[in-house]
1. Given the options Phe92, Phe32, Phe24, which has the most mean-square fluctuation in a GNM of the chain, springs set between C-alpha atoms less than 10 angstrom apart?
2. Where both partners of a DSSP beta bridge lie in the chain, what percent of those bridges are antiparallel, to the nearest 5?
3. At 7 Å along the Cα-to-beta-carbon direction for both Phe81 and Trp42, put a label point, then send me their distance in nm to one decimal.
4. Can you put His122, His141 in order of accessible area, largest first, using a 1.4 Å probe?
5. Counting only the heavy atoms of the protein chains, how much of Val159 is accessible to a 1.4 Å probe, in Å² to the nearest 10?
6. Kindly provide the helix-only [θ] at 222 nm of the chain, computed as the sum of -39,500 (n - 2.57) over DSSP H runs of four or more divided by all residues, to the nearest 500 deg cm²/dmol?
7. Among Leu45, Leu75, Ile124, which residue has its Cα positioned farthest towards the positive end of the charge dipole of the chain, with +1 placed on the Cβ of Lys and Arg, -1 on the Cβ of Asp and Glu, and the dipole taken about the Cα centre?
8. Pick from Asp21, Asp41, Asp100 the residue whose mean-square fluctuation is largest in a GNM of the chain, springs joining Cα atoms under 10 Å.
Amino acid sequence: MVKQPDVREDYSDVLISDFADPVFQAAFRQYFAEIGIKVKDWDGLFQEMNRGDDGEKNAAYVRLSANGGAIGFLLFLPIRFTSWFFEETCGFIREFWVADEFRGKGHGSELIALAERYFLEHGITTSILTTDTARRFYERHGYRKAAGCKAKNKDEVFVKRLK
């Protein structure tokens with residue numbers, strides 16, 4: 001399912017929930033090419049994204065330039081943390097990328113704001129992510145290192161209370 005794009009004069013934002021969408025696939029391929037990751041089975045990767053985790057579905061905002069090229073995207077999903085007594089659903093930012101030529105122009109800040117607004121509209125009041133490259137960016141946006149929380153990928157974990 002593709003939500004109607006939020007169109008501005010020089011870019012548009014599209015909410016993607018079907019990762020077979022060519023708009024998302026082009027942006028994701030560009031992202032992986034930039035960071036040097038090679039994928040043998042692109043179709044399998046995008047099918048896996050459509051399955052989601054524990055019943056939760058991935059979603060993404062893709063920002064497109066006026067000519068339809070990818071400016072960036074933010075891939076996220078609700079993730080439920082449970083224990084024998086407590087439960088909380090957080091908005092997990094899985095992948096976040098802005099094309100090199102568009103960095104430093106506010107697109108990353110606007111994409112993260114879109115995801116946070118989505119979380120709040122869906123009753124999610126905590127955003128969580130890992131990073132090994134953009135610590136200062138996230139700190140400027142109110143994220144704090146989550147002391148005692150460890151990610152399986154060994155990256156630092158950051159959290160933000162949205163309300």
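The values are calculated or read from the model by the stated rules, or taken from the named source; none is laboratory data. All of these numbers come straight from a predicted model, not from anything done at the bench. Methodologically, a virtual Cβ is constructed for each residue, glycine included, from the backbone with ideal geometry; neighbour enumeration extends over all protein chains shown. These area figures cover heavy atoms from the full protein model, side chains too; ligands, DNA and RNA do not enter into them. Shrake-Rupley method; radii C 1.70, N 1.55, O 1.52, S 1.80 Å.
1. Phe32
2. The antiparallel fraction comes to roughly 90 percent.
3. Placing both labels 7 Å along Cα→Cβ, they lie 3.6 nm apart.
4. So the residues, ranked largest to smallest area, are His122, His141.
5. 40 Å²
6. Computed ellipticity for the chain at 222 nm equals -8500 deg cm²/dmol.
7. Working it through, the farthest residue towards the positive pole turns out to be Ile124.
8. Looking only at Asp21, Asp41, Asp100, the biggest GNM fluctuation is shown by Asp41.
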